[in-house]
Amino acid sequence: MMKKMIIATGLILTLAACSNSEEPSVNENTVEDGNATSENNAVNHGIEETEVKEEKTEKIGFTVDDQGNIIAADVPEEPASHLLAAYKEYIAAFNSEDIDRYMNTIAQDPDGFDREEDKAALVQAFETYDSVYETSDETIVKYEENRAEVFASLNVKMKAENSKDAVEQTARQVVIFKKENDEWKVSGVHLVGNQ
């Protein structure tokens with residue numbers, strides 16, 4: 001039973017972090033991961049993603065300073081408030097296991113996953129498991145007028161329905177938002193690595 005729950009936790013994390021990236025999305029913090037150092041000695045924990053529509057390479061991830069603190073993007077106060085509110089609603093909607101509320105936080109045309117496949121998988125997961133996301137360190141790490149990225153540390157608690165056994169897993173994630181009808185909607189989610 002515990003083995004099934006560990007596999008299911010990975011599944012839940014994967015479902016909530018569906019990505020079309022060809023690059024590995026998990027940094028195992030090994031020598032082979034090759035943490036790159038920028039000119040200011042900040043470590044960049046990024047994922048290269050090629051967006052075919054715009055024919056450019058987009059880097060997704062976050063940067064930490066010498067003390068290990070996440071470096072925040074320069075964001076005007078009002079957009080920052082709206083963006084963090086959208087992120088909090090995304091997490092609250094997941095935790096409520098209300099599929100309609102959750103899907104309301106998702107972009108109509110997300111860049112990182114198939115909306116209907118994500119919905120079907122989450123309906124099944126919500127029926128099978130009780131899951132709770134707890135986040136901390138929420139930081140806007142990239143901001144443009146119609147696109148932004150929010151970093152957070154994530155703690156997932158999960159147990160199968162009618163079971164006392166529970167598993168817990170931590171990770172770091174970057175949620176990509178885009179503006180649709182003047183509202184921030186989730187367009188992609190990347191697990192950056194386990195803590």
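None of the figures in this text is laboratory data; all of them are computed from the coordinates on show. Owing to the predicted nature of the structure, the values given are computational and were not obtained by experimental measurement. A quick note on method: Cβ atoms are made from the backbone with ideal geometry, for glycine too, and the neighbour counts reach across all protein chains shown.
Simple spin-label estimate for E127 and N162 gives 1.4 nm between the two label positions (7 Å along the Cα-to-Cβ direction from each Cα). Residue separation of E78 and S136 scaled by 0.36 nm, minus their Cα-Cα distance, works out to 18.8 nm of gained length.
For trypsin sites (Lys or Arg not before Pro), the sites in region 111-195 that DSSP calls loop and that have at most 13 other Cβ atoms within 10 Å are K164. Among the GluC sites (Glu not before Pro) found in region 64-172, those both in a DSSP coil and sparsely packed, with 12 or fewer other Cβ atoms within 10 Å of their Cβ, are E145, E161.
Here is the link list: K119/K164; K88/K142; K119/K185; K142/K178; K88/K157; K88/K178. Which ones come out longer than 20 Å on Cα distance? In this structure, K119/K164 exceed 20 Å between Cα atoms. Here the spin labels are modelled as points 7 Å beyond Cα on the Cα-Cβ line, and at E180 and D109 they lie 1.0 nm apart.
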